[in-house]
Amino acid sequence: MPLVNPLPSNHDEEIRKLAEFFNETLGFCPNSVLTMQHRPAISKAFINLNMAVMENHGRVTSALKRMIGWVSSNAAGCRYCQAHTIRAAERYGAEQEQLDNVWEYKTHAAFSAAERIALDFSIAATMIPNAVDDNIKTELYKYWNEGEIVEMLGVISLFGYLNRWNDSMGTVVEEGAIESAEKYLGKYDWQVGKHK
C-alpha cells in the first residue's frame, strides 16, 4: 500500500492536460504525479520542471537523458524510477544493445566514452556524500560543454527528487513500466519491491 493514494487522473483538469506529456514519454500518467495532485501546485510545478529538464537541446539526447535517470535511480535504489526510466529510454529510441546492457555501461562497447562519463557523472552526483570531483569534471569537459552538463545535472537532480518521493511514498508501479523493467532489468534481479 502506498503511503498516500493517488487521486484519479481527471481530478484536476489543468493537471490532466499538463500530464498528457507523460502519455508520450511513458504511455500513461505516473501514479507519482497523481499522488502529487493532493497539492495541485506541487503537481503542476513538477510537470513543468520535468518538461523543461527533458527537453531536447541537441547532443544530450532524449534517450541518454533517460539512461542518466536510470543510472541515478539505480544508484539511489528506487525500483519505481528504474522501471520508468528504462521504459522511457526504450520509447525514446535507445539502442537495443544499450538497453540490453545498461548495467555494463562502463565496459560494454555499445556505450561511447562520452556516454560513459555522462553516466559516471550521474552516479557521482547521486551519491551521498556527493562524489563529483576534479577527475569527473576533467572527463566531462573532454566531451560535453557547460550547457550540456547543466542538462545532465538537471536530469540527475530531477531524479533525486523522484527517487525520494517514490521510495518514501511506496508509489505503485504501473503495468507498462513493470513490463519494460522485467524485459531489460529482470535478468539483474529487478523486482517491484514495495512498489506493488
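Taken together, the values in this text are just the output of simple stated rules run on the coordinates, not laboratory data. Nothing here was measured: the structure is a model prediction, and the numbers come from that model. Heads up, the Cβs are rebuilt from the backbone with ideal geometry, glycines too, and the neighbour counts pull from every protein chain shown.
I need the P(r) histogram for the range 57-188: all alpha carbon pairs, bin width 5 Å from 0 out to the longest distance, whole percents.
2, 11, 22, 25, 21, 12, 6, 1, 0
Treat each spin label as a single point 7 Å out from the Cα along the C-beta direction, and report the residue 128 to residue 103 distance in nm.
Result: 2.5 nm between the two label points.
Report the relative contact order of the chain, percent, no decimals, based on alpha-carbon pairs under 8 angstrom and at least 6 residues apart.
29 percent
Taking 25 Å as R0, compute the FRET efficiency from the Cβ-Cβ separation of residue 13 and residue 52 and round it to 0.05.
E(calc), rounded to 0.05, equals 0.70.
Report the one residue of 145, 58, 89 whose Cα lies farthest in the direction of the positive end of the charge dipole of the chain (charges on C-beta: Lys and Arg +1, Asp and Glu -1; origin at the Cα centre).
Positive-most Cα among the choices belongs to 89.
What is the distance in Å between the Cα centroid of the range 1-49 and that of the range 95-158?
28 Å
Among 191, 72, 107, pick out the residue whose Cα is farthest towards the positive end of the charge dipole of the chain, where Lys and Arg carry +1 and Asp and Glu carry -1 on C-beta, about the Cα centre.
The listed residue farthest towards the positive side: 191.
Just add up the charged neighbours of residue 143: K/R +1, D/E -1, any other residue whose Cβ is under 10 Å from the Cβ of residue 143.
Every neighbour counted, the sum reads 0.
To the nearest 10 degrees, how steeply does helix 40-54 sit against the main Cα axis of the chain, on a 0 to 90 scale?
Orientation of helix 40-54: about 30 degrees from the principal axis.
Could you give the angle, 0 to 90 degrees to the nearest 10, between helix 134-143's Cα long axis and the longest principal axis of the Cα atoms of the chain?
Computed tilt is about 90 degrees.
Please flag any cysteine in the chain that has no other cysteine's Cβ under 4.7 angstrom from its own Cβ.
So far as the 4.7 Å Cβ criterion goes, 29 stand without a partner in the chain.
Could you work out how much longer the chain between residue 136 and residue 96 gets when fully extended? Use 0.36 nm per residue separation minus the Cα distance between them, nm to one decimal.
Working it through step by step, the gained length comes to 11.7 nm.
Charges only on Cβ, +1 for Lys and Arg, -1 for Asp and Glu: so what's the dipole of the chain about the Cα centre, in debye to the nearest 20? Can you show the working numbers first?
On the way: 19 positive and 25 negative charges, 80 e Å.
Dipole of the chain, to the nearest 20 debye: 380 debye.
Provide, for the chain, the number of lysine pairs with alpha carbons under 23 Å apart, each pair being eight or more places apart or on different chains.
Count of close lysine pairs: 14.
Could you check the spin-label model distance between residue 191 and residue 41? Points 7 Å from the Cα along Cα→Cβ, value in nm.
About 4.1 nm, to one decimal.
Which angle from 0 to 90°, rounded to the nearest 10, does the C-alpha axis of helix 79-91 make with the longest principal axis of the chain?
70 degrees
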